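Have a look at the structure below before the remarks.
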Amino acid sequence: MTLGPDSEVIWRWGDAALTATLVDTWLVMGLLTLGAWWLTRRLSEGPSLSRWQHLLEVLVTGIDDQIRQVSHQEPGRYRPFVGTLFLFIAVSNLLEVVPGFTSPMGSLSTTTALAICVFVAVPLYGIAREGPVAYLRHYLTPSWLMLPFNVIGELSRTVALAVRLYGNIMSGTLIVAILLSLTPYVFPVLMQLLGLLTGMIQAYIFAVLAMVYIASAASAQRASRRGRRPTDGGNDHG
Amino acid sequence: MDSLTLIGMVSVVTAGLTISIGCIGPALAEGRAVAQALMAIAQQPDEAATLTRTLFVGLAMIESTAIYCFVVSMILIFANPFWDHVAATGG
């Protein structure tokens, strides 16, 4: 039994090994990129839209709404990063129902790479919005005594992001594999359905947490907005 | 008892202990979180969307502690580094 697609070697040439993780990641990336390229070739503004354009618009407005609700900011700058994270994880987890495809999220290397992307994006967005000095001052709040804890918190939440996604997806695959040897036919299918649900929820949670971390680096700006938040009326989006 | 048997025995027992103790806390916490969220939704049905979103994110945070225990126990059973080391050196 294996813990994820990392140990499934498809093709080996010397020391370089082509693992199932790599192949499946490129499959998802190719699917997303080609799909987006093909669909955006023929966008229209008329009254009759193609069904694929409807799909894209539902996705983009949905992601925008969620970003707006979580961060209380305009979604424009965050949409590319957070939306890509969500779509990539969601499509990888959805494709798990295709036989022979194992979600790349079941490998700790993929989830670590995604978590490191979030780890790098948080200071980048923070500095881009407030400047380096104002951003670095966040580490000294509420007092300079908290500096080590702030740094440790930043590191540990990155580890938590990676292990949470990996553990959830890997456990789903593993439980199906164990059940296949105990009670074949019906019960593994139910667990796989549960795995689909878990995969979607985990994709959503990963994106929302990334957004929360990025937005919390702007707590100074948010504090000034907090006074008029009730008048903004948050519940008309939902 | 040679060291390989000992390592295997300790690993299996520890994996069982890890997952059993590690599940109790998150299970209680998730039950409490869901109960509170249901009560809040019952009192303020208008805020159901916000409450549900916060509940899901909170549940994921709580559940990750159980997932850590699960990952540790899986490593102990299927990818135990001490077992691999002893098996490789033939000790």
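The values are calculated or read from the model by the stated rules, or taken from the named source; none is laboratory data. Keep in mind that what you see is a predicted model, and the values were worked out from it rather than measured. All Cβ positions, glycine included, derive from the backbone under ideal geometry; neighbour counts span all protein chains shown. With ligands, DNA and RNA removed, areas are computed over all heavy atoms of the protein, side chains included. Shrake-Rupley method; radii C 1.70, N 1.55, O 1.52, S 1.80 Å.
Among the listed residues B:A66, B:A48, which satisfies the condition of being modelled with pLDDT under 95, within 21 Å of the chain's Cα centre (by Cα) and either of a type outside the set (K, R) or under 24 Å from A:G167 (Cβ atoms) (or both)? Walk me through it before giving the result.
On the way: B:A48 fails: within 21 Å of the chain's Cα centre (by Cα).
None of the others qualify; the one that does is B:A66.
Contact annotation: residue pairs with Cβ atoms under 7 Å, 6 or more positions apart or on different chains, pairing a residue in the range A:20-37 that is free of Cβ contacts under 8 Å to residues at least 60 places away in the same chain with a partner that is surrounded by 17 or more Cβ atoms within 10 Å (Cβ to Cβ) and not aliphatic (A, V, I, L, M), are A:L32/A:F88. Among residues of the range B:55-81 that are in contact (Cβ under 8 Å) with a residue 24 or more places away in the chain, those with a beta-carbon under 8 Å from a residue that is open to solvent by 30 Å² or more (accessible area, probe 1.4 Å) and of a type in the set (D, E, K, R) at least six positions away or on a different chain give the pairs B:L59/B:E30; B:I62/B:E30; B:E63/B:E30.
Quick one: is B:S3 open to solvent by less than 80 Å² (accessible area, probe 1.4 Å), more than 14 Å from chain A (Cβ to nearest Cβ) and in contact with a helix residue (DSSP H, G or I) (Cβ under 7 Å, 6 or more places away or on another chain)? Outline the logic, then answer.
On the way: open to solvent by less than 80 Å² (accessible area, probe 1.4 Å): yes; more than 14 Å from chain A (Cβ to nearest Cβ): yes; in contact with a helix residue (DSSP H, G or I) (Cβ under 7 Å, 6 or more places away or on another chain): yes.
When the stated conditions are applied, B:S3 passes them.
Scan B:G58, B:G31, B:G22, B:G91 and give me the residue that is modelled with pLDDT under 85 and either small (G, A, S) or buried (at least 17 other Cβ atoms within 10 Å of the Cβ) (or both).
Only one candidate qualifies: B:G91.
Scanning the range B:37-91 for residues that are more than 8 Å from chain A (Cβ to nearest Cβ), small (G, A, S) and closer than 28 Å to B:G16 by Cα yields B:G58, B:A66, B:S73, B:A87, B:A88, B:G90, B:G91. Cβ-Cβ contacts under 8 Å between residues 6 or more apart (or on different chains), taken from a first residue in the range A:52-78 that is at negative phi to a second residue that is open to solvent by 60 Å² or more (accessible area, probe 1.4 Å) and of a type in the set (D, E), are listed as A:R68/A:E74. Each residue in the range A:110-152 was checked for being modelled with pLDDT of 90 or more and touching a Ser or Thr at 6+ places or on another chain (Cβ under 9 Å), and 7 pass.
When the range A:62-94 is filtered for residues that are more than 17 Å from the chain's Cα centre (by Cα) and open to solvent by 40 Å² or more (accessible area, probe 1.4 Å), the ones remaining, listed by number, are A:H72, A:E74, A:G76. Take the residues in the range A:1-19 that are in a loop (DSSP other than H, G, I, E, B) and in contact (Cβ under 8 Å) with a residue 24 or more places away in the chain; name whichever of them is farthest from the other protein chains (Cβ to nearest Cβ). Filtering the range A:1-19 for residues that are in a loop (DSSP other than H, G, I, E, B) and in contact (Cβ under 8 Å) with a residue 24 or more places away in the chain, the one farthest from the other protein chains (Cβ to nearest Cβ) comes out as A:E8.
Residue-level analysis places A:Q53 among those that are within 26 Å of the chain's Cα centre (by Cα), farther than 23 Å from A:L114 by Cβ, open to solvent by less than 90 Å² (accessible area, probe 1.4 Å) and not hydrophobic (A, V, I, L, M, F, W, C).
Of all the numbered requirements in (1) of a type in the set (A, V, I, L, M); (2) in contact with a helix residue (DSSP H, G or I) (Cβ under 7 Å, 6 or more places away or on another chain); (3) away from chain B (no Cβ under 14 Å), A:L190 misses one, and that requirement is (2).
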